[in-house]
Amino acid sequence: DADKRDVDFAKEASIEVYLTDAPGDFDKVPVTITGVSIGDSVSQRKDADTEASETAEETSDTGQFEWFRLVTETQTHDLLALRDSERRLGNGQIPAQHYDSIRLSIGNAKVVVGGNESSLEIRDDGQPGFLMSGGFDVESGEDYRLVIDVDADDSIVRDENSYVMDPVLRVEAFDKLE
């Protein structure tokens, strides 16, 4: 897998990933999630001596990142069914260190309004997923819970005769599990 490197399991942590949504003015918003990754800026990496054969390093507007996949299974969820609840997307093992960003990859999406289904054009700016920035410290041997909020109401706009999705995302929670 290009987004995960060989790591020392004694120095890893586990992260469970969940998806949630705030209410929106739509009947349904089925979205296909193709992956969730967590990344660290290569220039900010604590353990600069660590080398990996399967590390995915990418250059973006904010510099070079190393990505670790947390969720690899493609799955479709109706965002509006997640109002006031969470849906588990999966979990992954990652090295214990500081992370700068989380990337949510969306394959396709639809919107249902007044019983009529329309495809959503997803604005992605040429990037392989949508980034959420922040500082995330992951400690060795610990388990974490990550909740990603996709705000359907703010993400979807009507554009002439179609609907466009420019995902508005935020990390709702990044908690160490007891």
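Numbers for the structure displayed
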| item | result |
| --- | --- |
| Residues of the range 147-161 classified as in contact with a strand residue (DSSP E or B) (Cβ under 6 Å, 6 or more places away or on another chain) and farther than 14 Å from residue 89 by Cβ, total | 4 |
| Of residues in the range 23-59 being small (Gly, Ala, Ser) and surrounded by fewer than 18 Cβ atoms within 10 Å (Cβ to Cβ), the one modelled with the highest pLDDT | 41 |
| Residue satisfying condition, being more than 18 Å from the chain's Cα centre (by Cα) and over 20 Å from residue 40 (Cβ atoms), within set 118, 140, 155, 85 | 118 |
| Condition check for residue 141: loosely packed, with under 13 Cβ neighbours inside 10 Å, closer than 14 Å to residue 14 by Cα and touching a Lys or Arg at 6+ places or on another chain (Cβ under 9 Å) | yes |
| Subset of the range 157-178 (residues that are open to solvent by 10 Å² or more (accessible area, probe 1.4 Å), hydrophobic (A, V, I, L, M, F, W, C) and more than 22 Å from residue 101 (Cβ to Cβ)) | 157 |
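The values are calculated or read from the model by the stated rules, or taken from the named source; none is laboratory data. Treat the numbers as computed from the prediction; the structure is a model and nothing was measured. Every residue, glycine as well, gets a Cβ built from its backbone with ideal geometry; the counts of neighbours run over all protein chains shown. Please note that ligands, DNA and RNA were not included when accessible areas were found on the heavy atoms of the full protein model with its side chains. Shrake-Rupley method; radii C 1.70, N 1.55, O 1.52, S 1.80 Å.
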